[in-house]
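The values are calculated or read from the model by the stated rules, or taken from the named source; none is laboratory data. Remember, it's a predicted structure, so these values are computed and weren't measured experimentally. All Cβ positions, even for glycine, are placed from backbone atoms using ideal geometry, and neighbour counts span all protein chains on display.
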Amino acid sequence: MSRYAEVIVPLGLNATFTYIIPPGLTDSISVGSRVIVPFGKSKFYTAIVTAFPLKAPDNVEPKEISAVLDPSPIVRHPQLKLWNWIADYYLAAIGDVYRAAVPSGLKIESETSVMLDPSFDFTDSDNYTKLEIEVLQHIDHEKSMSVSSLEKNLGRNNLTPVINRLIERGAVSVSEKLVERYCARKETFVTLAMPVDAAFEKLKKSRAGTTLLQGYLQISELLRRPGNPSEVTRQQLAERTGIATAHIRELERKGVFALTERSVNRFNFSGISDGKLPVLSEKQADALDQIHKSWLSHDVTLLHGVTSSGKTEIYIHLIDFVLKSGRRAFYLVPEIALTTQLTERLQNVFGDRVLIYHSKFSDNERVDIWKKLLDTSAPCVVIGARSAVFLPFGNLGLVIVDEEHESSYKQSDPAPRYNARDVAVVLASLHGAKTLLGSATPSIETNYKALSGKFGHVRLMTRYNDAKLPTIEITDLKQARDNREYRAPFALSTIRAANLALNGGNQVIFFQNRRGFAPIARCTACSWSPRCEFCDVAMTYHKSTRQLVCHYCGATHTLPTVCPQCHEPKIEIYGFGTERIEDIVSSTFEKRKVLRMDLDTTRNKEGHARIISDFSSKKADILVGTQMVTKGLDFDGVSVVGVLNADTMINIPDFRSAERSFNMLEQVSGRAGRRSDVDGKVIIQTHDPSHPVLKFVAKHDYDGFYAHELEERRTFSYPPFTRIINIYLKHRDLQTVKTVSDLYASNLRDLLGRRVNGPEEPIVSRIQSLYIRKLMLKIETGASMTKVKELLRDLNARLCESYPEVKRTLIYYDVDPV
Ligand code: ADP
Ligand code: ZN
Ligand code: ZN
């Protein structure tokens, strides 16, 4: 048995480190176990064991592992392989991959803040050791403490293993920035407190009482099915009977019901699942059949299905198939918002076999799921956003990537800068699982692979129930203005169309791709305009907080009433963000109820869910939102969708801008007319009605757009004909970043010639006080990316050695940028 363990530490370092295994612990440690290791002068980290080398590398004096946290691995085959793939492919540090992959509750370090879990109770203290109690009291006293200050206060070294035990037992939790603290969800359960006939007898004079009793019996009957927990919640009862919960309390007083309140695990589904699969239409069944056939020869298959064709129903059948064969399924979605609607749809069929995972979950919840997946190998389906690709899946049989074209699958900051879609494909292949990529507007790369036979290809080009695709109307804003048919930001025809829909009892969505109130503030006397002091951008005015906000760094300022430059009180605001649109819509459509969905209204965890459910249940008539409203949501009452300004999208100078605009407009229009009895209409307002992208959108002509775009890509050597690596260089000093990027460019040109483009100054050329330059490498498809990446790593090492200013420059790569 080896005396050494090689580990990954959670730091941005692309290396593993060797430690001595303390005698006596060799049997309780395995590859994938967590260990606590000292690192640097006085820090301790939770590291992951990757191997047991026979000897330590020369010229290092290995330190000893402080503690082994897991007898059995928490990271298992083939996760470590996936981590290595990500580090190699995206030129990322393995330590960064580990950091992104494992929830922070599983990797506490000296600086992590720890607090008592709300559910912890000191009266249970018999179950804890003296030291643990001491730690708990300290934390309780300070509310929240970092591990290192705890150690200082208690005069002890290395409390990390103690804290870890307390986390595992739910006594403490670690803090997460941005995310609200864990708070157990409480639910009231109803049980019958007397025999059924006695209860009916007692309630025979009360209509509401009898209805409640009947409702209770019906639900508990339904719940008695296998796989369902057999308790009725007060909410279920109130929803089913439509009787206020106060009446339920009343029956408790009468001794008919007993009510108990308990915290529930969010992952224990307590709804009613009927276990029934949706019946597929003939076309859907045919597509399903083709997918199964396609998988015989292609592990990855594209399902190109127009919006509202019923892709989700097909996914449900595929998931059912995999679960029945005893394996697990992973359903990746681009937006947290989408998990809400999907969870419901999937739970109706699969009950508590549905697990959800995304970054807005608290750490406790994330650790819960992680452990649940490790503990058993029971079949289940995991719905998750980007970071779910890192879960310890075992026994995986199917990966579904919905809306595979979505750019939000790409993490652009911080490292690792990975594309969750592509990682999911690799994940599936490591497990020998099949992958289905679904989209109404496949990305150019994916469609290219499907057409060239690398991926399987199945198409479903009609909507469910033969609902028509919405008609698209391109509205020329210039003309509207010339004809005095304009009231900013609306062409009057848009207002008329919306009113027609609303009067007919339908709902309307307005899409504006900019949050805040107004994007521009300017002095009308001298043209002064407030800009962020740390970034090279104008600040956006937010009315709700009466502040100017930088959308790049979050810096805020108050809006001056007097111009700081010419001292005239002439500051005005221009342009329209969702906040302002909401105001205007509320006054234009006076009697209508308006909801807004954007980053600002969905910051807390339940934000999305509430807006989506309010709009679905028609508690509002109009929804105003940013791109969040475009992605795959299923609202059946919407007949008109208005895109208030398509120009901001189509005019972005980037090779993907046409593709992104086409996708987004087509997806937005996919929200309209999803039911067969409502004709959907999409209004696109623009100053450039003859733009080619709009022409294709107007005819829902994906194939035409694809052919057109592919030629552009071929002409200008962009993906799928090349692969792109962007190199970003950042420094506080403008001259330094210029010098270093020129140096880099000329060295790269010696090696790669004309594949090197730049350095260029990005549109936003300074963010958070760092000046930015960008180099773009276009590597022809088919060339060895491994070689190119090796060369980049070597060059970086060489330049860092010879030039101190290179070492001080922040340099990183973005592979396959979107
Ligand atoms: P997509 O994911 O392709 O946009 P959805 O799966 O959301 O489409 O389906 C669109 C709408 O049609 C949904 O409201 C869905 O419930 C309904 N639908 C689709 N297929 C069926 C089916 N086989 N049976 C019942 N309803 C269906
Ligand atoms: Zn001025
Ligand atoms: Zn800023």
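Would you be able to say whether some residue in region 574-593 is within 16 Å of ligand 2 (Cβ to nearest atom), within 22 Å of S765 (Cα to Cα) and either touching a Phe, Trp or Tyr at 6+ places or on another chain (Cβ under 9 Å) or not in a loop (DSSP other than H, G, I, E, B) (or both)?
no
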Checklist line | Residue that is nearest to ligand 3 (Cβ to nearest atom) [pool: residues in region 535-574 that are polar (S, T, N, Q) and farther than 21 Å from D600 by Cβ] | finding: Q565
Checklist line | Among the candidates I509, I520, I571, I495, residue that is within 26 Å of the chain's Cα centre (by Cα) and surrounded by 14 or more Cβ atoms within 10 Å (Cβ to Cβ) | finding: I509
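Does S741 meet the test of being within 29 Å of E659 (Cβ to Cβ) and assigned to a helix (DSSP H, G or I)? So that I can check it myself, show each step before the final result.
Values: within 29 Å of E659 (Cβ to Cβ): yes; assigned to a helix (DSSP H, G or I): yes.
Yes: the conditions hold for S741.
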Notebook entry, point to check: Which is among the β-branched types (V, I, T) and modelled with pLDDT of 90 or more, of T46, T26, T16?
Noted result: T16
Check: For region 525-534, does any single residue satisfy the condition of being more than 16 Å from ligand 3 (Cβ to nearest atom) and within 30 Å of S297 (Cα to Cα)?
Finding: no
Notebook entry, point to check: Limited to region 787-799, what total is found for residues that are within 32 Å of the chain's Cα centre (by Cα) and touching a residue at least 24 places away in the same chain (Cβ under 8 Å)?
Noted result: 4
Check: In region 223-257, which residues are outside any helix (DSSP H, G or I), modelled with pLDDT of 80 or more and surrounded by 13 or more Cβ atoms within 10 Å (Cβ to Cβ)?
Finding: V232, T233, I243, K254, V256, F257
Next item on the list: Can you tell me which residue within region 544-562, out of those that are in a loop (DSSP other than H, G, I, E, B) and of a type in the set (A, V, I, L, M), is nearest to ligand 1 (Cβ to nearest atom)?
Entry: A555
Check: From the list Y744, Y771, which residue is within 17 Å of V537 (Cα to Cα) and either buried (at least 20 other Cβ atoms within 10 Å of the Cβ) or without any contact (Cβ under 8 Å) to a residue 12 or more places away in the chain (or both)?
Finding: Y771
Item checked: Failed criterion for A609 (all others in (1) touching a helix residue (DSSP H, G or I) at 6+ places or on another chain (Cβ under 7 Å); (2) exposed (fewer than 15 other Cβ atoms within 10 Å of the Cβ) hold) -> (2)
Note to self: Being under 12 Å from L436 (Cβ atoms), of a type outside the set (A, V, I, L, M), in a helix (DSSP H, G or I) and within 14 Å of ligand 1 (Cβ to nearest atom) is the filter here; which residues of region 313-340 pass it?
What the structure shows: Y315, H317
Notebook entry, point to check: Considering region 279-312 alone, what residues qualify as being polar (S, T, N, Q), closer than 30 Å to G673 by Cα and assigned to a helix (DSSP H, G or I)?
Noted result: Q284, Q290, T312
Notebook entry, point to check: Is it true that some residue in region 672-686 is assigned to a loop (DSSP other than H, G, I, E, B), out of contact with any strand residue (DSSP E or B) (no Cβ under 7 Å at 6 or more places or on another chain) and either of a type in the set (A, V, I, L, M, F, W, C) or modelled with pLDDT of 95 or more (or both)?
Noted result: no
Checklist line | 3 or more residues in contact (Cβ under 8 Å) with a residue 40 or more places away in the chain and touching a helix residue (DSSP H, G or I) at 6+ places or on another chain (Cβ under 7 Å): qualifying strands (runs of 3 or more DSSP E) within region 500-543 | finding: 507-511
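For (1) touching a strand residue (DSSP E or B) at 6+ places or on another chain (Cβ under 6 Å); (2) in contact (Cβ under 8 Å) with a residue 12 or more places away in the chain; (3) farther than 30 Å from P817 by Cα; (4) part of a helix (DSSP H, G or I), each residue gets a yes or a no:
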residue: P71; (1), (2), (3), (4): no, yes, yes, no
residue: I86; (1), (2), (3), (4): no, yes, no, yes
residue: R99; (1), (2), (3), (4): no, yes, no, yes
residue: D124; (1), (2), (3), (4): no, no, yes, yes
residue: H138; (1), (2), (3), (4): no, yes, yes, yes
residue: S149; (1), (2), (3), (4): no, no, yes, yes
Notebook entry, point to check: Does D368 satisfy being out of contact with any strand residue (DSSP E or B) (no Cβ under 7 Å at 6 or more places or on another chain), farther than 14 Å from V322 by Cβ and not in a helix (DSSP H, G or I)?
Noted result: no
